[in-house]
Amino acid sequence: MTIDFNRVRALSFDCYGTLIDWETGILTALADWVAQVGAQRVLSGFGAIEPDIEHAHPTWPYRQIVAEVHVEMARELGLASSRTAATRFAESIGGWPPFADTVDALRRLKSRYRLYILSNVDEVSIAATLRQLGVPFDGVFTAERIGSYKPDPRNFDYLLARLADDGIQKHELVHVAQSLFHDHGPAQAAGLHTVWIDRNSGRPGAARLPDPVPHFDLRFPSLGDFAAAAVTTH
């Protein structure tokens, strides 16, 4: 391994895409669109539009971002949208399901490490998600609280400042995430070790792929595989 887990005291996680199966959540909420244009066009449409709206409106809560994504996707894909439908889609965020391995993996990791979330989400949605996860986190930091969206480096600056308040230094933290675009580039630039949870195994999905692909220290196909390695090697 390229990370010495004997020195690691804390793990920070991206949430949606890493802990939460956001693609299933999106496809379930937009089932009528999937029936018309197919799952991959829906996911690709989401991934193409969402980061640009986040960048343009960094102070909007994520539910407002997702509602606007619905409107823009409908326009791009030639589908029907309305403010009611867009709001309903945004309200589905808190119900997007955890991956099958997430809760057990978090429980195993909690036995060894302090756990934090750094997420591009709003406070209302993350509260519903945390109820689904049922695992206590030592800190949860949202884009709504910070006032910007990853990959803005301010989000990782905020994370590191809050963990410093908890007595955790940069070299004692590993960031764990699925999104190469939102997480690995800025986390590595901030001097953090990162673990890529490659949920899609190279398949296209809702996450935008950066070019060039940023560095990451370790790669696992699931959170369960990571937890087994991180707890065993501690």
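Just a few scattered comments:
- Qualifying residue in segment 55-72 (condition: within 26 Å of ARG154 (Cα to Cα), in contact with a Pro (Cβ under 8 Å, 6 or more places away or on another chain) and surrounded by fewer than 22 Cβ atoms within 10 Å (Cβ to Cβ)): no
- Criterion violated by ASP166 - all others in (1) touching a residue at least 40 places away in the same chain (Cβ under 8 Å); (2) under 13 Å from ALA187 (Cβ atoms); (3) touching a strand residue (DSSP E or B) at 6+ places or on another chain (Cβ under 8 Å) satisfied: (2)
- Every listed requirement among (1) under 25 Å from ALA164 (Cβ atoms); (2) not in a loop (DSSP other than H, G, I, E, B) is met by VAL121 save one, (2).
- Single condition PRO97 does not satisfy, out of (1) surrounded by fewer than 17 Cβ atoms within 10 Å (Cβ to Cβ); (2) in contact with a Gly (Cβ under 7 Å, 6 or more places away or on another chain); (3) more than 30 Å from VAL71 (Cα to Cα): (3)
- Among residues that are modelled with pLDDT of 95 or more, closer than 25 Å to GLU50 by Cβ and touching a strand residue (DSSP E or B) at 6+ places or on another chain (Cβ under 9 Å), LEU133 is included.
- Single residue of ARG131, ARG162, ARG112 found to be within 17 Å of the chain's Cα centre (by Cα) and of a type in the set (Lys, Arg): ARG131
- Identity of the residue in segment 174-199, aliphatic (A, V, I, L, M) and within 14 Å of the chain's Cα centre (by Cα), that ends up modelled with the lowest pLDDT: LEU180
- Filtering segment 11-48 to residues that are in a helix (DSSP H, G or I) and touching a strand residue (DSSP E or B) at 6+ places or on another chain (Cβ under 9 Å) leaves TRP22, GLY25.
- Cβ-Cβ under 7 Å pairs, at least 6 apart or on other chains, segment 99-119 side over 19 Å from SER179 (Cα atoms), far side of a type in the set (Lys, Arg) and surrounded by fewer than 21 Cβ atoms within 10 Å (Cβ to Cβ): TYR113/ARG9; ARG114/ARG9
- With respect to the stated conditions, THR142 is in contact with a Ser or Thr (Cβ under 6 Å, 6 or more places away or on another chain) and within 30 Å of ALA190 (Cα to Cα).
- Residue under evaluation ARG112, criteria (1) surrounded by fewer than 15 Cβ atoms within 10 Å (Cβ to Cβ); (2) in the same structural domain as HIS193 (by TED's automatic domain parsing); (3) not in a helix (DSSP H, G or I), criterion not met: (1)
- Every condition in (1) under 23 Å from LEU163 (Cα atoms); (2) not in a helix (DSSP H, G or I) is met by ARG107 except one, and the failing one is (2).
The values are calculated or read from the model by the stated rules, or taken from the named source; none is laboratory data. Computed from a predicted model, the values in this text were never measured in an experiment. Note that we place each Cβ from the backbone using ideal geometry, even for glycine, and neighbour counts take in every protein chain shown.
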